[in-house]
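What follows is a set of notes on a single structure, which appears directly below.
Rule-based calculations on the coordinates, nothing more; no lab input. Quantities reported herein were computed from a predicted structural model and do not represent experimental measurements. All Cβ positions, glycine included, derive from the backbone under ideal geometry; neighbour counts span all protein chains shown.
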Amino acid sequence: MQGRFANIIVDISHEKVDRPFQYRIPEALLGLPEPGMKVRIPFGSGNKLRTGYIIEITDEPEFDVSRLKEIDSVIEEGVQVESRLIRLAFWMKEHYGSTMINALKTVLPVRQKLKQQEKKEICLRVGKEEARAEMLQCERKHQGAKARVLRELIAEERLPQTLVARKLNISPATFRSLQEAGLIDINSVPYYRNPVKLDAQREAGHHLSERQQFVVDSVLKDYDDGIRQTYLLRGITGSGKTEVYMELIAQMIQRGRQAVMLIPEIALTYQTVLRFYKRFGDRVSVMNSTLSPGEKYDQCERARKGEIDVIIGPRSALFTPFPDIGIIIIDEEHENSYKSETMPKYHARETAEELAVLHGASVFLGSATPSLESFYRAKQGKYRLFTLNERLTGGVLPTVYVEDLRQELKNGNRSIFSKRLQELLEDRLGRGEQSMLFLNRRGYAGFVSCRMCGHVMKCPHCDVSLSEHRNGTLVCHYCGFTQPAVKLCPECGSKYILGFRAGTEQIEEQLHKLYPDKKVLRMDADTTKTKDSYEKILSAFSAGEADILVGTQMIVKGHDFPNVTLMGILAADMSLSVNDYRAGERTFQLLTQAAGRAGRGTRPGEVVIQTYQPEHYSILHAAAQDYEGFYEEEILYRQLLSYPPVSHILAVQVTSAAQEGGEVLAGQLKRLCEGAPEGREEKTIIIGPAPAFIGRINDIFRYVLYVKNPDYEVLIRLKNRMEHFLKEEDRKDESVQFDFDPMSSF
């Protein structure tokens, strides 16, 4: 569009300038600027040059043209954000509460253009007959190097110079001589940095089971009938969900469209990418945090130009600038990592649904343990639900034992390992089979529990665990309730009530003492700091170089080790005790995923779950691999306390350099909500404000206010009221962030 004016967002993250500003496009630049381009503009009373992003080109001036400033220059970008991504950024700003510039920076595929990589390519300048005659002439003159180059080009016409030089042992002087003789051309051609450096034989798709084929056919029938919706596939571990994903992608490519495949970063391994590469070849690429800026830039260029069909990556891969997305697939859709922890605090699932509307695409979610939000929507008919209830190999689910650690203590066993787990470990070591030990430390937050009866200290108002603080108090980080630390268990009177202290390193040491001649690998944050260390540990274990793998949650994410026949889950109830209403759901998901690692080959597997709360419904249903049973109990709890997905929560986080300033602002926002029509609704519940879980970081004080209502739009209107209030005066010492349906407490 050759419009004369551009509406531009200035690259300043402040509420007062969080709106479009209109600029004239100078004659010299007419026709050049496009939505999504980065430009340099004079801004403010001093006309300081700032960076801005064009969000719209128009012929309609909003003000007197003589008052409008001109764009100074266009910053060369290469990859431009399509108008769809700009519209998505607007939606994210409104839906999640964010400045427009932060939303734009989130969806921008690259921040700046990087130097284009080039390679030298040689080709014939003359016809093949003339080249053949010259080749024979060179052979007669014993100019073998020149003859070899000409022979290669007669066969292939165009080749990389470095490949020919290496293959035929040709010097640069030989190439120059042929070029000067007018026989060949040497050209510099751009090439893309490719993060997928694989050399694998292409494979056809696997034969699908009857149930898998039904899922694929159902989605494609809807698609061909013009129906676009969200699908949820609940498939037990090992049921072949990935084969369904790949077939859906293949069918979309046949229809001339592209696919986005989201995978949690922790599960984005070499083996995962290899499976897709074998099916789709170099038409697939990856986008994740390990890529260099140049590699990220090149993948965006390839996507924009239609040179790749599939992108695989974590939530940020959603913003790959494909021209025509046909399907967005989210594997392990229950994972927390799909929710951003920085502004805008978007969820990949909801954002994918909005992006799919803009592209006319379908969304396909998959998990062995779907999030309560997704299953709730499926139950309401908002998503179409499919199930895969059998393992692809025909194998049976593992046998699960729940070991009561209270009873172990009474029997005099103070070891990390229950008697049964130790016996089964020794059995596997004797048979040459592998074992995995998973320490469930997810979300550890200093909870206090009794080792004798399993009682956990909880808030009497919020039904979440109290957190132990160094000053000798127990604190609820939802409502602010505090009480002194206890020395005796209020339930059974035992003195064995304390915070849990354990780690993978201690477990590894204990295994070395018990089995000094056996190889143990450990995978946690400490052992995976370097690049490729994660992959090296998994590859070594897969190759049988270790007998036991000890680790945190990263060892239970989708890995397939056929020789693993035992999974030990240590401190299974640890994640039950975090101060978070999702604790039961996360525990069930982790235990179910962990149990699914055993017996994936031809040999049956066994799982030992060690816990102080063997009667807890999350543990019992995980042991039975009973998702629906768990869902029915958990949804009752959510209904009782108005938690998502039955209701929605808006968390308002206030940070301040001064403690009093933060308290005052948090109180003002609470009173604003209470006085607003939305706040006076019967279904609106306002909790707090209270100090955040970590009340001060780097001398910045943190407070949080929670607002609940079943209607998301009510919370958006309250958020808008708070934003308007915050814009009225300049607050240099305080800032406010909004988080809808937070994945954890602040």
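General remarks:
- Taking the fewest neighbouring Cβ atoms within 10 Å as the starting point, the ordered list for 597, 414 is 414, 597.
- Proxy reagent accessibility, fewest Cβ within 10 Å first, across 617, 496, 703: 496, 617, 703
- For region 118-190, the fraction of C-alpha pairs farther apart than 16 angstrom is 40 percent.
- Summing charges over neighbours of residue 367, with a neighbour being any other residue whose Cβ is under 9 Å away from its Cβ, gives -2 when K and R count +1 and D and E count -1.
- Sorted on the mean count of surrounding Cβ atoms within 10 Å across their residues, most packed first, peptides 344-350, 65-71 read 344-350, 65-71.
- Once both labels are positioned 7 Å from their Cα atoms along Cα-to-Cβ, the gap between residue 180 and residue 413 label points is 8.4 nm.
- The helix-only estimate of mean residue ellipticity at 222 nm for the chain, built from DSSP H runs of length n ≥ 4 each weighted as -39500 (n - 2.57), is -10000 deg cm²/dmol after division by the residue total.
- Positive minus negative residues near residue 106 (Lys, Arg vs Asp, Glu; Cβ under 11 Å): +4
- Packing rank of 126-135, 311-320, where each peptide gets the mean count of other beta carbons within 10 Å, highest leading: 311-320, 126-135
- Restricting the calculation to Cα atoms, every distinct pair contributes to the Kirkwood radius of region 601-681, found to be 17.3 Å.
- For residue 487, the lysines whose Cα comes closer than 24 Å to its Cα, not counting residues fewer than 8 places off in the same chain, are 410, 458, 495.
- Beta bridges by DSSP in the chain, antiparallel share as percent, to the nearest 5: 55 percent
- Region 648-740, relative contact order [Cα under 8 Å, separation at least 6], %: 47 percent
- Cα-Cα over 30 Å, subset of 296/382; 48/732; 105/241; 221/345: 296/382; 105/241; 221/345
- Spatially proximal aspartates and glutamates relative to residue 16 (Cα-Cα < 13 Å; intrachain offsets below 8 disregarded): 723, 728, 729, 730
- Cα centre as origin, Lys/Arg/Asp/Glu Cβ charges: the chain dipole, Debye: 1560 debye
- Formal net charge of residues neighbouring residue 24 (Cβ-Cβ distance under 12 Å; K, R +1; D, E -1): -3
- Mean Cβ neighbour count within 10 Å, used as a protection proxy, ranking 716-729, 426-439, 249-262 highest first: 249-262, 426-439, 716-729
- As a proxy for reagent exposure, 469, 455 were ordered by neighbouring Cβ count within 10 angstrom, fewest first; the result is 469, 455.
- For residue 336 and residue 274, the difference between the fully extended length at 0.36 nm per residue and the C-alpha to C-alpha distance is 19.8 nm.
- Under 5 Å, built H, 5+ apart or other chain: amide partners of residue 403: 609, 610, 611
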